[in-house]
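The next block holds one structure in the form of structure tokens; read it before the comments.
The values are calculated or read from the model by the stated rules, or taken from the named source; none is laboratory data. Computed from a predicted model, the values in this text were never measured in an experiment. Ideal geometry is used to build each Cβ from the backbone, glycine not excepted, and the neighbour counts take in all protein chains shown. Just the protein is used for accessible areas: all its heavy atoms, side chains included, with ligands, DNA and RNA removed. Shrake-Rupley method; radii C 1.70, N 1.55, O 1.52, S 1.80 Å.
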Amino acid sequence: PRRVYELLATERFRHRVEWSQVHLFFGDERCVPPDHPDSNYALAYETLISKVPIPAKNVHRIIGEGDPNESARLYENQLKTFFAGVAWPRFDLVLLGMGEDGHTASLFPGSGALNEKTKWVVATKPEGSRQVATRPEGSRQDRITLTAPVFNQAARVMFLVTGAGKAERLAEVLHPQPGSDPLPAQRIQPLDGKLEWLVDKAAASLL
């Protein structure tokens, strides 16, 4: 997402968005402070938030520091305050990526978070991933993530997938074999919204 954020912050694009009307939420976060190199908020702040005129009160970060379960509870409360009176929130746009193991946000293969039906936000870990043995140490932190039912209520979901390393998994996600367990990215199917996949040539090489 870094390049997407950088482009949105350029003179060509930054004035095409009415930033005062935008509320920015996060799909997931690592359990680190907001200035940590692994923080999703830190990346978004460095490349986008600090460079566009979005009001500070319109940026709703997930608290990564502290107890993960408490942070998940607090973020769910924040969402329920913003989206008051509804069973599920409805985001206008959700931007997601996909890992080489088929995970998206912090919903990993084998994770119990995939089966969540009622909570909007949960704490989770990447240990369920089939690729965990090859993950860099920093990516094994506890996570906080929105759940699949939340993403599936969105009006528009866009996946951004790049690189040859994701080609095999992208083909598996878009053309699943009969009887195979659905990967996390496959579980994102908006109920009343649009799903788009933006992929580069390398990622699409096996399609």
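List of remarks:
- Meets criteria (farther than 16 Å from GLY99 by Cβ and either modelled with pLDDT of 95 or more or of a type in the set (Val, Ile, Thr) (or both)) for GLU196: yes
- Scanning region 87-124 for residues that are among the hydroxyl-bearing types (Ser, Thr, Tyr) and modelled with pLDDT under 95 gives a single hit, SER111.
- Near pairs, Cβ below 6 angstrom, 6+ apart or cross-chain, from region 7-32 (of a type in the set (D, E, K, R)) to any residue that is assigned to a helix (DSSP H, G or I): GLU29/ASN40
- Filtered residues of region 2-21 (kept if part of a loop (DSSP other than H, G, I, E, B) and loosely packed, with under 15 Cβ neighbours inside 10 Å): THR10, HIS15, ARG16, VAL17, GLU18
- When the residues of region 60-99 are filtered to those that are in a helix (DSSP H, G or I) and among the hydrophobic types (A, V, I, L, M, F, W, C), the one that is farthest from LEU191 (Cα to Cα) is LEU74.
- Scanning region 125-138 for any residue that is under 15 Å from the mean Cα position of the chain (by Cα), under 24 Å from CYS31 (Cα atoms) and either of a type outside the set (Val, Ile, Thr) or modelled with pLDDT of 95 or more (or both) turns up at least one such residue.
- Within region 41-57, considering residues that are within 18 Å of the chain's Cα centre (by Cα) and not in a loop (DSSP other than H, G, I, E, B), the one surrounded by the most Cβ atoms within 10 Å (Cβ to Cβ): TYR41
- Screening ASP38 with (1) farther than 30 Å from LEU114 by Cβ; (2) in a loop (DSSP other than H, G, I, E, B); (3) touching a residue at least 24 places away in the same chain (Cβ under 8 Å); (4) open to solvent by 40 Å² or more (accessible area, probe 1.4 Å) gives one miss only, at (1).
- Test: residue in region 68-84 that is of a type outside the set (A, V, I, L, M) and at pLDDT below 95: no
- All positions within region 65-100 that are touching a helix residue (DSSP H, G or I) at 6+ places or on another chain (Cβ under 7 Å), open to solvent by less than 10 Å² (accessible area, probe 1.4 Å) and not hydrophobic (A, V, I, L, M, F, W, C): PRO89
- Pairs, first free of Cβ contacts under 8 Å to residues at least 12 places away in the same chain in region 61-87, second open to solvent by 30 Å² or more (accessible area, probe 1.4 Å) and of a type in the set (Lys, Arg), C-beta under 8 Å, six or more apart: PHE83/ARG90
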